[in-house]
Amino acid sequence: MGGDVDAVVIGAGQAGLSAAYHLRRVGLEPDRDFVVLDHSPRPGGAWQFRWPSLTYGRVHGMHALPGMELTGADDSRPSSEVIGGYFARYEERFGLRVHRPVDVTAVREGEGGRLLVESSEGTYATRALVSATGTWDRPFWPRYPGQETFRGWQLHTADYPGPAAFAGRRVVVVGGGASGTQHLMEIAEVAAETTWVTRREPVWREGPFGEAEGRAAVALVEERVRRGLPPQSVVGVTGLPLNEATRRARERGVLDRLPMFDRITPTGVLWDAGPSSAGRTLDADVILWATGFRAAIDHLAPLRLREPGGGIRVDGTRAARDERVHLVGYGPSASTIGANRAGRSAARDIARLLDGDRGRGPGRGDDRDRDRDREAATV
């Protein structure tokens, strides 16, 4: 494998599949004009790795892929199965021919204005690149003194097996995001004891979360990306929903939060300071780090796209330092609906770039675009 192509899409999660779908709509053919490379063993993006107790009915904010709705799903089935199956049908329906499992190790500058995408199935020379690698492969583990001495079990959200594994144990859950609270409420039903620890006081959000609130949250993330700072997740800036389940958990004391501990001991955690916790120790069998993820963009390091602030500055989906490189599912497009829009934007920009390289005017693939609109309407 390997060879010359017009575009390479790295990643076949929501953002990557959206980009691939829209590349077809602007006239590019899979495996002839572009390739989709995915390192996961099967369809489903990061969803395939979600814990079994996260059923589809408990998923919030899952937006359908472009051109094909997800209908008739059983809310009681694991989200990994439901969404994994949906992604598989989507790939087949639109003939996206994802190559997997393929690991991309680096993207480098090539000859003649091309980028070289080095992968486990060979090197592709491409005119444009869509990096849709998400965050799941880069779980963030904070470091605290004594962490290596802990004799219990430490794990991250990325390895969360579901609540049954914590039955009868004393569990410390670290992290003030949605995953932390979901894990905590599940584990509290079976654990001997649970403790919730966060760096900041949690912010609870009451009332509906509508379009205006969503735009405001995305704008906050987008501003960081424009400044070249590492992006925050959209979920991270919206606060925690105060709904019936979280209200009940607060009433039971499950969501009573403690400030972040200072040290980890062989048998638990310890606070050195604080008005209410100085000198406090807590015995624990498990520390669950629900501390989020970072963008998986190490493969882009040879291109030197990072800004002094540590992130990649993006204009729309284009990397500010290289118009051939698009990042989708990054920063403001990390939500499922944002990923769809970013995929469309990246595909249109790539079509314009290719037309410019060939000396053609805009509008490449307009007839095919109309054909695919009609095709999508029948799905």
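State whether the residues of region 251-273 include one that is farther than 30 Å from ILE187 by Cα and without any contact (Cβ under 8 Å) to a residue 12 or more places away in the chain. Reasoning before the result, please.
Step one: filter region 251-273 for residues farther than 30 Å from ILE187 by Cα, giving none.
Looking through region 251-273, none of the residues is farther than 30 Å from ILE187 by Cα and without any contact (Cβ under 8 Å) to a residue 12 or more places away in the chain.
Determine which single condition TRP136 fails, assuming it passes every other condition in (1) buried (at least 17 other Cβ atoms within 10 Å of the Cβ); (2) of a type in the set (A, V, I, L, M, F, W, C); (3) assigned to a helix (DSSP H, G or I).
Evaluating TRP136 over (1) buried (at least 17 other Cβ atoms within 10 Å of the Cβ); (2) of a type in the set (A, V, I, L, M, F, W, C); (3) assigned to a helix (DSSP H, G or I) leaves (3) as the failure.
With respect to SER40, determine if the residue is of a type in the set (S, T, N, Q), surrounded by 24 or more Cβ atoms within 10 Å (Cβ to Cβ) and under 18 Å from the mean Cα position of the chain (by Cα).
Values: of a type in the set (S, T, N, Q): yes; surrounded by 24 or more Cβ atoms within 10 Å (Cβ to Cβ): no; under 18 Å from the mean Cα position of the chain (by Cα): yes.
When the stated conditions are applied, SER40 does not pass them.
So which residues in region 43-76 are surrounded by 15 or more Cβ atoms within 10 Å (Cβ to Cβ) and among the charged types (D, E, K, R)?
ARG50 - this is the single residue of region 43-76 that is surrounded by 15 or more Cβ atoms within 10 Å (Cβ to Cβ) and among the charged types (D, E, K, R).
Of (1) surrounded by fewer than 19 Cβ atoms within 10 Å (Cβ to Cβ); (2) within 25 Å of the chain's Cα centre (by Cα); (3) not assigned by TED's automatic domain parsing to the domain that holds ASN243, ALA125 satisfies all except one. Which?
All conditions pass for ALA125, except number (2).
Being among the β-branched types (Val, Ile, Thr) and outside any strand (DSSP E or B) is the filter here, so list the residues in region 97-121 that pass it.
Step one: list which residues in region 97-121 are among the β-branched types (Val, Ile, Thr), which gives 98, 102, 104-105, 107, 117.
If the condition is that a residue be among the β-branched types (Val, Ile, Thr) and outside any strand (DSSP E or B), then VAL98, VAL102 are the ones that fit.
So which pairs qualify, if the first residue must be in region 25-37 and in contact (Cβ under 8 Å) with a residue 12 or more places away in the chain, the second must be crowded, with 16+ Cβ neighbours inside 10 Å and of a type in the set (Asp, Glu), the Cβ gap must be under 7 Å, and the two must be at least 6 apart or on different chains?
Note: pairs meeting the criteria are ARG25/ASP369; VAL26/ASP369; LEU28/ASP6; ASP33/ASP6; PHE34/ASP6.
Can you tell me how many residues in region 172-193 are of a type in the set (Val, Ile, Thr) and either closer than 13 Å to THR291 by Cα or not assigned by TED's automatic domain parsing to the domain that holds ALA158 (or both)?
Matching residues across region 172-193 total 4.
Just checking, how many residues over region 169-185 are modelled with pLDDT of 95 or more and in contact with a Pro (Cβ under 6 Å, 6 or more places away or on another chain)?
0
So is GLY177 of a type in the set (Gly, Ala, Ser) and surrounded by 15 or more Cβ atoms within 10 Å (Cβ to Cβ) or not? Before the answer, list the steps.
Details: of a type in the set (Gly, Ala, Ser): yes; surrounded by 15 or more Cβ atoms within 10 Å (Cβ to Cβ): yes.
It is true that GLY177 is of a type in the set (Gly, Ala, Ser) and surrounded by 15 or more Cβ atoms within 10 Å (Cβ to Cβ).
Among the residues of region 153-167, is there at least one that is loosely packed, with under 14 Cβ neighbours inside 10 Å, assigned by TED's automatic domain parsing to the domain that holds PHE34 and out of contact with any Gly (no Cβ under 9 Å at 6 or more places or on another chain)? Explain how you work it out, then say what you get.
Taking region 153-167 and keeping what is loosely packed, with under 14 Cβ neighbours inside 10 Å, we get 159, 161, 164, 167.
Subset that is assigned by TED's automatic domain parsing to the domain that holds PHE34: none.
No - not one qualifying residue is present in region 153-167.
Quick one: which of ASP315, ASP272, ASP283, ASP256 is under 28 Å from LEU65 (Cβ atoms), loosely packed, with under 15 Cβ neighbours inside 10 Å and among the charged types (D, E, K, R)?
None of the others qualify; the one that does is ASP315.
For region 180-194, how many residues are over 25 Å from the mean Cα position of the chain (by Cα) and either surrounded by fewer than 22 Cβ atoms within 10 Å (Cβ to Cβ) or of a type in the set (Gly, Ala, Ser) (or both)? Quick ask: steps written out before the conclusion?
Of region 180-194, the ones over 25 Å from the mean Cα position of the chain (by Cα) are 188-194.
Still in the running and either surrounded by fewer than 22 Cβ atoms within 10 Å (Cβ to Cβ) or of a type in the set (Gly, Ala, Ser) (or both): 188-193.
Qualifying residue count, region 180-194: 6.
Filter region 1-48 down to the residues that are of a type in the set (S, T, N, Q) and more than 15 Å from HIS99 (Cβ to Cβ), then identify the one that is modelled with the highest pLDDT. Before the answer, list the steps.
Step one: list which residues in region 1-48 are of a type in the set (S, T, N, Q), which gives 14, 18, 40, 48.
Those still in the list that are more than 15 Å from HIS99 (Cβ to Cβ) too: 14, 18, 48.
Details: GLN14: 93, SER18: 96, GLN48: 90.
Looking at the filtered set, the residue picked out is SER18.
Take region 299-345 and flag every residue that is at positive phi and without any contact (Cβ under 8 Å) to a residue 60 or more places away in the chain. If you could, list the steps in order and put the result at the bottom.
Going through region 299-345, the residues at positive phi turn out to be 304, 310, 316, 329, 331.
Of everything in region 299-345, those that are at positive phi and without any contact (Cβ under 8 Å) to a residue 60 or more places away in the chain turn out to be ARG304, GLY316.
Given region 279-344, what strands (runs of 3 or more DSSP E) lie entirely inside it while holding 1 or more residues that are modelled with pLDDT of 90 or more and closer than 25 Å to GLY44 by Cα? I'd like the intermediate steps shown before the answer.
Numbers: elements: 281-283, 286-289, 322-327.
Filter on region 279-344 gives 286-289, 322-327.
Could you check TYR124 against (1) aromatic (Phe, Trp, Tyr); (2) over 19 Å from PHE293 (Cα atoms); (3) not in a strand (DSSP E or B) and say which number it fails?
Of everything listed in (1) aromatic (Phe, Trp, Tyr); (2) over 19 Å from PHE293 (Cα atoms); (3) not in a strand (DSSP E or B), TYR124 misses just condition (3).
Just checking, which of VAL197, VAL203, VAL218, VAL234 is at pLDDT below 75 and within 20 Å of HIS183 (Cα to Cα)?
Working: VAL197 fails: at pLDDT below 75; VAL203 fails: at pLDDT below 75; VAL218 fails: within 20 Å of HIS183 (Cα to Cα).
Going through VAL197, VAL203, VAL218, VAL234 in turn, just one is at pLDDT below 75 and within 20 Å of HIS183 (Cα to Cα): VAL234.
The values are calculated or read from the model by the stated rules, or taken from the named source; none is laboratory data. These numbers were taken from a predicted model, which means no experiment stands behind them. Quick reminder, even Gly has a Cβ in these numbers, built from the backbone with ideal geometry, and neighbours come from all protein chains shown.
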